[in-house]
Amino acid sequence: MKSRLSGTLAKVVLVAALSSAVMPAGAQQSGAIRSTHGAWSIICDTPAGATAEQCVMMQNVIAEDRPEMGLSVVVLRTADNKAEILRVLAPLGVLLPNGLGLNVDGKDIGRAYFVRCFQDGCYAEVILEKPLLDTLKGGTSATFIVFQTPEEGIGIPVDLNGFDEGFAALPK
């Protein structure tokens, strides 16, 4: 699984332009909540310049012991409906070379690399290939790990309750 997560980096670079057209920086915070599935919300909006409404499945989380360390975890479909992407927005100040770690139900899944930063934070993205998607659908809790120093990883819990149901409700 580790190689699948980091092995998607080349694909992520290719879809980065596509996916940013789907939900540009800042637009992830706007829009109307269409439905809620456990800990996840389906949020829809029509971005500036877009001809159709775009929807994402989203959860915002904050580290229990570090209120300044929050993440936005987003699942979206590319505009051409050919891929689903897991995008995580981390705050500015995270150590970029260490990437973003992921554990699901205590099992190390691997790391994704940050692909770009904007004023609202830095984004890590991976294509949701079937093995990773199945892991998230079948899991109960995930922990995303960001680093402020090479030695200091901060685990931020993400509730997977409703992930499967929310993913199924994400418009195509």
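The values are calculated or read from the model by the stated rules, or taken from the named source; none is laboratory data. Given the structure is predicted, the values throughout are model-derived calculations rather than measurements. Quick reminder, even Gly has a Cβ in these numbers, built from the backbone with ideal geometry, and neighbours come from all protein chains shown.
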>> So for segment 117-131 (the condition being basic (Lys, Arg) and either under 19 Å from Gly31 (Cα atoms) or touching a Ser or Thr at 6+ places or on another chain (Cβ under 9 Å) (or both)), does at least one residue qualify?
In response: no
> Residues Ile62, Ile109, Ile85: which one is of a type in the set (A, V, I, L, M, F, W, C) and within 12 Å of the chain's Cα centre (by Cα)?
Replying inline: Ile85
> Taking interchain pairs and intrachain pairs at least six residues apart, which have beta carbon atoms under 6 angstrom, with the first residue in segment 114-143 and under 27 Å from Leu92 (Cα atoms) and the second buried (at least 17 other Cβ atoms within 10 Å of the Cβ) and of a type in the set (Phe, Trp, Tyr)?
Replying inline: Val115/Tyr123; Arg116/Tyr123; Cys122/Phe114; Ala124/Phe114; Leu136/Phe163
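If you take the residues in segment 160-172 that are farther than 15 Å from Leu86 by Cβ and not polar (S, T, N, Q), which one is surrounded by the fewest Cβ atoms within 10 Å (Cβ to Cβ)? Reasoning before the result, please.
First, pick out the residues of segment 160-172 that are farther than 15 Å from Leu86 by Cβ: 161-162, 165, 168-169, 171-172.
Remaining after also requiring not polar (S, T, N, Q): 162, 165, 168-169, 171-172.
On the way: Gly162: 18, Glu165: 15, Ala168: 10, Ala169: 16, Pro171: 13, Lys172: 5.
Here the residue is Lys172.
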>> What pairs come out if I take residues in segment 58-75 that are without any contact (Cβ under 8 Å) to a residue 60 or more places away in the chain and under 14 Å from Asp120 (Cα atoms) and pair them with residues that are of a type in the set (Gly, Ala, Ser) and surrounded by fewer than 18 Cβ atoms within 10 Å (Cβ to Cβ) whose C-beta lies under 9 Å away, six or more apart or interchain?
In response: Asn60/Gly70; Glu68/Gly93
>> Checking the condition at pLDDT below 85 and over 18 Å from Glu84 (Cα atoms), which residue from Gly38, Gly31, Gly7, Gly70 passes?
In response: Gly31
